[in-house]
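Q: Take a look at this one; I'll ask things after.
Read-outs: derived from the displayed coordinates by stated rules, not from any lab. Note that this is a predicted model, so its numbers are computed, not measured. Backbone-built Cβ (ideal geometry, glycine too); neighbour counts: all protein chains shown.
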Amino acid sequence: MAAARSACGPRCPDTALPSGEHPAAMRRTTMSPCALLETRHASTQAVDLDQRLAFWEDYNASTLVGLKCNSYAEGGFAASQDNLQLSAMRLARIVGNEHVVERDTSMIRGVPKESIFVSLVTGSGSFFYQDGACQVLEPGELVVYRTDKPYLFGFSGAMRQFIFDIPQQQFAERCLKRFDRPLRISVESGVQRLLLRTLGERTRGFFQQPLCAEAEAYQEQAFELLASIIAGHVGERPINALSASYLLAAKQCIHEQLADPTLSCERVAAQTGISTRHLARLFALEETLPSRFILEKRLQQARQLLCSSQGAGLDISEIAYRHGFASQAHFARAFKSRFQQTPSEARALGLAATLASPAAESVGHACGDNLRGLEQGN
């Protein structure tokens, strides 16, 4: 079964399953058309005990990453997994009992994958081994690692895990430019505790109701949280817990009102409960301005819709209006300045790439790939 894609249009029910797959154990969940992202689900519950490990390995190889699985649980291995695909990352939610997964050199050759995994484990202690170092993780801690290097990941009890599957180039642009060795990020500081808790809560909420209309906003928030968590760990962005909480609140306020052309720094500051000067100081910690942050998020989301099949039937002026631009002319100037292309050129490039690659992994992804080189120069 192919991996589920985050298409927002009507879907046809599966008519057949490849041989060896378990209809009761694997399914795709779709609610009303254009409402929810498609969720791919797998569970060992309906699989015979002696076939569960093989089933789990096959499912992960086709959906997440190739690995080997072992379990020493007295009642046998038990696990379930939900998968979502966004435009720039994939998400996995895994629930299971004690087990160990391994990705060795033979698996890397047989099922290659060049991603960065960010794993947030709750409900169980765990250990992670890669590059000669063993990391012991407490529940609620984060580990970041490469999938093109061998690793071992073990869970000592009933576990819950979120995995953020991010392409290496995307991770370099959004989170950390150079990444070679695994990172363990603890909850020792108040800031990291706040950011990790927020990441877990928002991801949990998005899995419960993965609305198409909120997918891009969630993805942007996830990237911002991950970038802040990692920057704080490597010492690039010192910030205290109070400032971090205000900054999170301000960004949430902005995300919720991006479509409103009257959104202002003064309103964001008032709704966050701080002064406009304090708001500016908070965003200065990330080397930007509140107004620049608002414009950047509007442009990113507008470009995503512009290059997608969902936006193909919309006038550019309508796309501009939906993302908080009062005029098409202002949108066109800002877009050209940011991406070195006009909106029309970006749309043509994105749709042409999508047509040339009908198996594109996600809506608008081709456009993002073609423009990414331009973004690196800004």
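Q: Rank these for me by crowding, Phe128, Phe335, Phe179, going from fewest to most other beta carbons within 10 Å.
A: On the way: Phe128 21, Phe335 25, Phe179 17.
Sorted ascending by nearby Cβ count, the order is Phe179, Phe128, Phe335.
Q: If you average over every viewing direction, what projected area does the convex hull of the Cα atoms of the stretch 105-198 give, in nm²?
A: For the Cα atoms of the stretch 105-198, the hull's average projected area reads 6.5 nm².
Q: Which value in Å is the Kirkwood Rh of the stretch 37-189 over different Cα pairs?
A: 15.8 Å
Q: For the stretch 139-278, state the semi-axes of the equivalent ellipsoid (square roots of 5 times the eigenvalues of the alpha-carbon gyration tensor), sorted largest first and rounded to whole angstrom.
A: Semi-axes from the Cα gyration tensor: 28, 18, 15 Å.
Q: Taking the number of other C-beta atoms within 10 Å as the exposure measure, put Arg40, Arg193 in order starting with the fewest. Could the numbers behind the result be given before it?
A: Values: Arg40 23, Arg193 15.
By the 10 Å Cβ count, ascending: Arg193, Arg40.
Q: Need the C-alpha centroid separation for the stretch 39-66 versus the stretch 231-284, integer Å.
A: Rounded to whole Å, the Cα centres lie 42 Å apart.
Q: With 10 angstrom as the radius, rank Ser317, Ser228 by how many other C-beta atoms surround their C-beta, starting from the fewest. Provide the component values of the computation, followed by the final result.
A: Details: Ser317 15, Ser228 26.
Ordered from fewest to most neighbouring Cβ atoms within 10 Å, Ser317, Ser228 come out as Ser317, Ser228.
Q: What nm distance separates the two modelled labels at Gln209 and Leu152, each placed 7 Å from Cα along Cα→Cβ?
A: 4.4 nm
Q: Given Gln169, Val191, Phe206, which one lies farthest toward the positive end of the charge dipole of the stretch 160-237, if we put +1 on the Cβ of every Lys and Arg and -1 on the Cβ of every Asp and Glu?
A: Result: Val191, furthest along the dipole toward the positive end.
Q: Right, another one. What pairs from Lys149/Lys251; Lys113/Lys297; Lys177/Lys251 go past 31 Å between their alpha carbons?
A: In this structure, Lys149/Lys251 exceed 31 Å between Cα atoms.
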